[in-house]
Amino acid sequence: MFRKYLPSLFLIFLISTATFLTSRSFRVAQLPNGAVNSCANCHVSAAGGGPRNSFGSLVGISFLDGQGNVQWGPELAQGDADGDGVPNGVELQDPDGSWAGGSIGDPNLVSNPGDANSVPPGVTDVEDLAELPSQYKLEQNYPNPFNPSTTINFAITNPEQVSLRIYNNLGQQVAELVNQFLPSGSYTVNFDALSDAGNISSGFYFYNLTTPSFSQTKKMILLK
């Protein structure tokens, strides 16, 4: 008789297990850009279920309402569940926790807030120098004069949208080196007058760093 009912019991187990997993999958839609990492946002296994990662543990302990819904907001966004130095909101492209549904940010820049080895992709030619600065800074490029490439260092104290652009002496933009939300930190950017600006001519140029909290411009010389 046991053998007769074994398939039925096994089928009931599968159905109940599938229901358990599906009932939690709605949380993916309760995170900004949650579909990018899907269940891996909160679980060690990308398939979902099983042990939670550090972000999933934080959500489960402190950010679920009585119906099991994720309470996304500034507090959860500003935390750093996986300890990689990048706030949860920055990893999910909603740094201030203002998301309330729909699309936000760039899904291609999303990383996993529960995986310390997953951080937002860096801007091309930008290297995070890992030290958290105490003040905003735009340093003089070096070498200067230069031909054809030079290096620009800058530092930001808050995670925010950053732009770094090059202008000629007429005020016309000739290159955009950075235009992205960046975590606080020190950065170095390489500017190549051939590949980044279409082989511009010799002369004076200006580079401008702008964030919502800071703006500064410095002069450099391209000498061919």
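The values are calculated or read from the model by the stated rules, or taken from the named source; none is laboratory data. Because the structure is predicted, anything quoted here is derived from the model rather than measured. All Cβ positions, glycine included, derive from the backbone under ideal geometry; neighbour counts span all protein chains shown.
Quick notes on this one:
- Single residue of segment 157-170 satisfying the filter (out of contact with any strand residue (DSSP E or B) (no Cβ under 6 Å at 6 or more places or on another chain) and within 17 Å of Leu138 (Cα to Cα)) that is modelled with the lowest pLDDT: Pro159
- Within segment 93-132, considering residues that are of a type in the set (A, V, I, L, M, F, W, C) and under 20 Å from Thr157 (Cα atoms), the one modelled with the highest pLDDT: Val119
- Matching residues, segment 130-171, being surrounded by 17 or more Cβ atoms within 10 Å (Cβ to Cβ) and without any contact (Cβ under 8 Å) to a residue 12 or more places away in the chain: none
- Only one of Phe206, Phe191 that is over 14 Å from Pro143 (Cβ atoms) and outside the structural domain of Asp80 (by TED's automatic domain parsing): Phe206
- Entry remark, segment 171-208: residues being at pLDDT 90 or above, aliphatic (A, V, I, L, M) and either part of a strand (DSSP E or B) or under 26 Å from the mean Cα position of the chain (by Cα) (or both) number 5 in total.
- Tabulated pairs, segment 95-120, first within 17 Å of Val59 (Cα to Cα) and assigned by TED's automatic domain parsing to the domain that holds Asn33, second part of a loop (DSSP other than H, G, I, E, B) and of a type in the set (Phe, Trp, Tyr), C-beta under 7 angstrom, 6+ apart or interchain: Gly97/Trp72; Trp99/Trp72
- Within segment 31-51, being surrounded by 17 or more Cβ atoms within 10 Å (Cβ to Cβ) and not in a loop (DSSP other than H, G, I, E, B) holds for Gly34, Val36, Asn37, Cys39, Ala40, Asn41, His43.
- Failed item in (1) at pLDDT 90 or above; (2) part of a strand (DSSP E or B), with Gln135 passing the rest: (2)
- The residue of segment 74-106 that is farthest from the chain's Cα centre (by Cα), among those that are surrounded by 15 or more Cβ atoms within 10 Å (Cβ to Cβ) and at positive phi, is Gly97.
- Whether a residue is in a loop (DSSP other than H, G, I, E, B), of a type in the set (Lys, Arg) and surrounded by fewer than 19 Cβ atoms within 10 Å (Cβ to Cβ) was assessed, and Lys219 does not pass this test.
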